[in-house]
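Input: a single structure, listed below in structure tokens.
The values are calculated or read from the model by the stated rules, or taken from the named source; none is laboratory data. Since the model is a prediction, treat every value here as computed from it, not as a measurement. Glycine gets a Cβ as well: all are built from the backbone with ideal geometry, and neighbour counts include every protein chain shown.
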Number of protein chains: 2
Amino acid sequence: MPEQQETQWMTEEHKQVLRYGFKIKEKLYSERSVFQQIDVVDTDFYGRMLFLDGAVMTTEQDEFIYHEMITHIPLLGHPNPESVLIIGGGDGGAVREVLKHPSIQEVVLCEIDGMVIEACKRYLPSISGGLNDPRVDIHIRDGIEFIAEHKNRFDVILVDSTDPIGPGEGLFTESFYKNVRDALTPGGIMVNQSESPIAHVREVALVYQLLRKVFPQVTPYIATVPTYPGAYWSWAYCMKERYQGPFSQINDLLAVDIEQSTRYYNRQIHRAAFALPNFVRERTRTDFETPASC
Amino acid sequence: MPEQQETQWMTEEHKQVLRYGFKIKEKLYSERSVFQQIDVVDTDFYGRMLFLDGAVMTTEQDEFIYHEMITHIPLLGHPNPESVLIIGGGDGGAVREVLKHPSIQEVVLCEIDGMVIEACKRYLPSISGGLNDPRVDIHIRDGIEFIAEHKNRFDVILVDSTDPIGPGEGLFTESFYKNVRDALTPGGIMVNQSESPIAHVREVALVYQLLRKVFPQVTPYIATVPTYPGAYWSWAYCMKERYQGPFSQINDLLAVDIEQSTRYYNRQIHRAAFALPNFVRERTRTDFETPASC
């Protein structure tokens, strides 16, 4: 009975040419919010998984990679991060990692879709646990509006968005990036997820071209997220002012502490993440022209 | 008509819990050899792809990652590699990269399945082109027998095998590794593909436990191969004698030349590949116990 068999798999289809299928143990949650379709399923291989509009957002088994890499790289690069804003990130994974840093006074989370937060609180407690911490201030709002209201306010801003289609689209624009830059304190750092140099060649090129119009220093770094299309993933490390020293100047003493609780991040990984393969250097250059076939 | 639609996709199923689907433009070759099922298909995203027994072996679009990383890391770590043996690797991708090194006098390729070589010569010319080079000596034989006949013979040995099921199984044993060690010249280096720390937790643990019984120095290194299960891939860098210096002592002058023609490899990547995430350090340790759930 092929129909019955198909209900046991959750499949993400990427640009109608790639499919990623995950065998399901149990469907836990499936609702449509104002913004998107939200699904949480329990799978054999990756544990519980969150899908938004059919795309994998996070999984219990590999979420540590994405969440450690979007947080500890900028937080250990900043000399004293006290105030952090996360735009998107309703699953709470980035919040959990930010809270490991002793200098943190407040984490502001601005997530457009309250139903994502509720679903993650209920079904993904190992990821969302930090959302209940008293240092966390949650705003259920559009990040585009929220960021425009704040100037010189946050030491580090993390843009933990979906892909540049659907509700995440406005987070990949020049005007949004300008508002992010202006919301940073002097010496501030913004990191945004900047898609896959394998699976999103056109999107990566666009993001880096836009970012370099706004930030004086934009540096890609990379890690592997096995459940995302292309698996090879990038983030953009953007500084409000031009950087004078080497990137390897991180808070080493704190990093020693942090890496006791991480599963991906460590000091060697911190430096290695900025080593880019030739094809990633090329695809993140401002003058890169996307081939017509991509 | 769902049946017709399914013929447009080629799908690898991993351990009955993950599926990787690739939309097909054209089926080019499909034959069963004495050893395995061989398929070559042309896909929308990764170009032409080689499957053995339904598992992705290589693709035109991402093959450069695997082939550059299995070759240039050991060849640039060795002071003067003249003689190289490749076991497996019938697609010719590793041969092509080895031939870029000016010190090379001969490349011996020992592939068990002549039909793989013929299929790749015909349908994957951008990968297999080097197989016609006069410095290449091809043996259609079982690598297990071949390696037992050679002592102190090769400066670098690359074990470019399939997974440890089917024809590749005997290439993941202590007796095979001993014969590889003995076939190396003094100062020799063996690199074997050592599976995915994400998708092959049990296999990775076994490989590193076996290798460390045989080689005095075994060091994992990593890269991302988007079309392999788990995407996060490892190789074991094994030295015949215990190593005295830092791994960063590579032939830098030659590396500058090599990285002109590579798409993944460069000197920064060479060093970064040895930076292991915490979970990979753990899963490649000799005392790692595989969880029952893996």
Review point. All but one of (1) crowded, with 24+ Cβ neighbours inside 10 Å; (2) in contact with a helix residue (DSSP H, G or I) (Cβ under 9 Å, 6 or more places away or on another chain); (3) more than 14 Å from every other protein chain (Cβ to nearest Cβ); (4) not acidic (Asp, Glu) hold for A:Leu184; which doesn't?
Key: (2)
Check your understanding: Just checking, which of A:Asp44, A:Asp91, A:Asp137 is outside the structural domain of A:Ser196 (by TED's automatic domain parsing) and not aliphatic (A, V, I, L, M)?
Key -> A:Asp44
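Filter region B:53-72 down to the residues that are of a type in the set (A, V, I, L, M) and buried (at least 24 other Cβ atoms within 10 Å of the Cβ), then identify the one that is farthest from A:Ala292 (Cα to Cα).
As a first pass, look at region B:53-72 and keep what is of a type in the set (A, V, I, L, M): B:55-57, B:65, B:69-70.
Adding the requirement that they be buried (at least 24 other Cβ atoms within 10 Å of the Cβ) leaves B:57, B:65, B:69-70.
Numbers: B:Met57: 27, B:Ile65: 22, B:Met69: 28, B:Ile70: 31 Å.
Filtering first and then ranking leaves B:Ile70.
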Study note, to complete from the structure: Per the filter on region A:255-285, residues under 29 Å from B:Thr43 (Cα atoms) and more than 11 Å from every other protein chain (Cβ to nearest Cβ) are A:Thr284, A:Arg285
**Study point:** Filtered residues of region B:40-52 (kept if more than 10 Å from every other protein chain (Cβ to nearest Cβ) and buried (at least 19 other Cβ atoms within 10 Å of the Cβ))
**Key:** B:Val40, B:Val41, B:Arg48, B:Met49, B:Leu50, B:Phe51, B:Leu52
Exercise for review: Return a yes/no flag: does region B:56-64 have any residue that is among the polar types (S, T, N, Q), assigned to a strand (DSSP E or B) and more than 14 Å from chain A (Cβ to nearest Cβ).
Suggested key: yes
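Within region B:181-212, work out how many residues are over 18 Å from B:Ala148 (Cα atoms) and either assigned to a helix (DSSP H, G or I) or not hydrophobic (A, V, I, L, M, F, W, C) (or both).
If we filter region B:181-212 for residues that are over 18 Å from B:Ala148 (Cα atoms), which is where we start, we get B:187, B:193-209, B:212.
Right, trim to either assigned to a helix (DSSP H, G or I) or not hydrophobic (A, V, I, L, M, F, W, C) (or both) and you get B:187, B:193-197, B:200-209, B:212.
Qualifying residue count, region B:181-212: 17.
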Review point. Does B:Met69 qualify as being within 12 Å of chain A (Cβ to nearest Cβ) and not in a loop (DSSP other than H, G, I, E, B)?
Key: yes
Point to revise | In region A:15-39, residue farthest from the chain's Cα centre (by Cα) [restricted to those that are assigned to a strand (DSSP E or B) and at the interface with chain B (Cβ under 8 Å from one of its Cβ atoms)] | key: A:Lys23
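Conditions (1) surrounded by fewer than 24 Cβ atoms within 10 Å (Cβ to Cβ); (2) out of contact with any Cys (no Cβ under 8 Å at 6 or more places or on another chain); (3) among the aliphatic types (A, V, I, L, M); (4) over 21 Å from A:Arg181 (Cα atoms), marked per residue:
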| residue | (1), (2), (3), (4) |
| --- | --- |
| A:Gly77 | yes, yes, no, no |
| A:Ile87 | no, no, yes, no |
| A:Ala94 | no, yes, yes, no |
| A:Leu99 | yes, yes, yes, yes |
| A:Glu106 | yes, yes, no, no |
| A:Ile112 | no, yes, yes, no |
| A:Met115 | yes, yes, yes, yes |
| A:Pro134 | yes, yes, no, yes |
| A:Arg141 | yes, no, no, no |
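Free of Cβ contacts under 8 Å to residues at least 40 places away in the same chain, more than 18 Å from A:Asp62 (Cα to Cα) and among the β-branched types (Val, Ile, Thr), is that true of A:Val280?
Values: free of Cβ contacts under 8 Å to residues at least 40 places away in the same chain: no; more than 18 Å from A:Asp62 (Cα to Cα): yes; among the β-branched types (Val, Ile, Thr): yes.
Against the criterion (free of Cβ contacts under 8 Å to residues at least 40 places away in the same chain, more than 18 Å from A:Asp62 (Cα to Cα) and among the β-branched types (Val, Ile, Thr)), A:Val280 does not qualify.
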Revision key, fill the gap. Taking region A:249-278 and keeping only residues that are over 22 Å from the mean Cα position of the chain (by Cα) and within 22 Å of B:Asn266 (Cβ to Cβ), one is left with A:Asn278
Exercise for review: Give the residues of region B:81-102 that are in contact (Cβ under 8 Å) with a residue 60 or more places away in the chain and assigned to a loop (DSSP other than H, G, I, E, B), sorted by residue number.
Suggested key: B:Pro81, B:Glu82, B:Gly89, B:Lys100, B:His101, B:Pro102
Review point. Does region B:189-232 hold any residues that are in contact with a helix residue (DSSP H, G or I) (Cβ under 7 Å, 6 or more places away or on another chain) and of a type in the set (Phe, Trp, Tyr), and which are they?
Key: B:Phe215, B:Tyr221
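Taking A:Phe45, is it more than 12 Å from the chain's Cα centre (by Cα) and either modelled with pLDDT under 95 or of a type outside the set (D, E, K, R) (or both)? Before the answer, list the steps.
Working: more than 12 Å from the chain's Cα centre (by Cα): yes; either modelled with pLDDT under 95 or of a type outside the set (D, E, K, R) (or both): yes.
It is true that A:Phe45 is more than 12 Å from the chain's Cα centre (by Cα) and either modelled with pLDDT under 95 or of a type outside the set (D, E, K, R) (or both).
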Point to revise | Counted residues, region B:148-202 - those being within 19 Å of B:Thr71 (Cα to Cα), of a type in the set (A, V, I, L, M) and modelled with pLDDT of 95 or more | key: 10
Revision key, fill the gap. For region A:59-108, the count of residues that are in contact with a strand residue (DSSP E or B) (Cβ under 8 Å, 6 or more places away or on another chain), farther than 26 Å from A:Tyr46 by Cα and among the aliphatic types (A, V, I, L, M) equals 6
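When residues of region B:135-170 are filtered for being in a helix (DSSP H, G or I) and under 18 Å from B:Val34 (Cα atoms), how many remain? Spell out how you get there, then give the answer.
Within region B:135-170, the subset in a helix (DSSP H, G or I) is B:143-148, B:166-170.
Now restrict to residues that are under 18 Å from B:Val34 (Cα atoms): B:143-145, B:166-170.
Counting residues in region B:135-170 that are in a helix (DSSP H, G or I) and under 18 Å from B:Val34 (Cα atoms) gives 8.
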Check your understanding: What single numbered condition from (1) assigned to a loop (DSSP other than H, G, I, E, B); (2) in contact (Cβ under 8 Å) with a residue 60 or more places away in the chain; (3) among the basic types (Lys, Arg); (4) surrounded by fewer than 16 Cβ atoms within 10 Å (Cβ to Cβ) fails to hold for B:Arg122?
Key -> (1)
Practice item. Go through the residues of region A:226-243 one by one and say whether even a single one is over 23 Å from A:Arg19 (Cα atoms), within 14 Å of chain B (Cβ to nearest Cβ) and acidic (Asp, Glu). Key: no
Exercise for review: Check A:Phe215 against each of (1) touching a residue at least 40 places away in the same chain (Cβ under 8 Å); (2) buried (at least 22 other Cβ atoms within 10 Å of the Cβ); (3) not β-branched (Val, Ile, Thr) and name the one condition it does not meet.
Suggested key: (1)
Exercise for review: State whether one or more residues within region A:10-29 are acidic (Asp, Glu) and either within 21 Å of A:Leu124 (Cβ to Cβ) or buried (at least 23 other Cβ atoms within 10 Å of the Cβ) (or both).
Suggested key: yes
Check your understanding: Just one of B:Ala292, B:Ala275, B:Ala236, B:Ala223 is among the hydrophobic types (A, V, I, L, M, F, W, C), closer than 23 Å to B:Pro164 by Cα and without any contact (Cβ under 8 Å) to a residue 40 or more places away in the chain; which is it?
Key -> B:Ala292
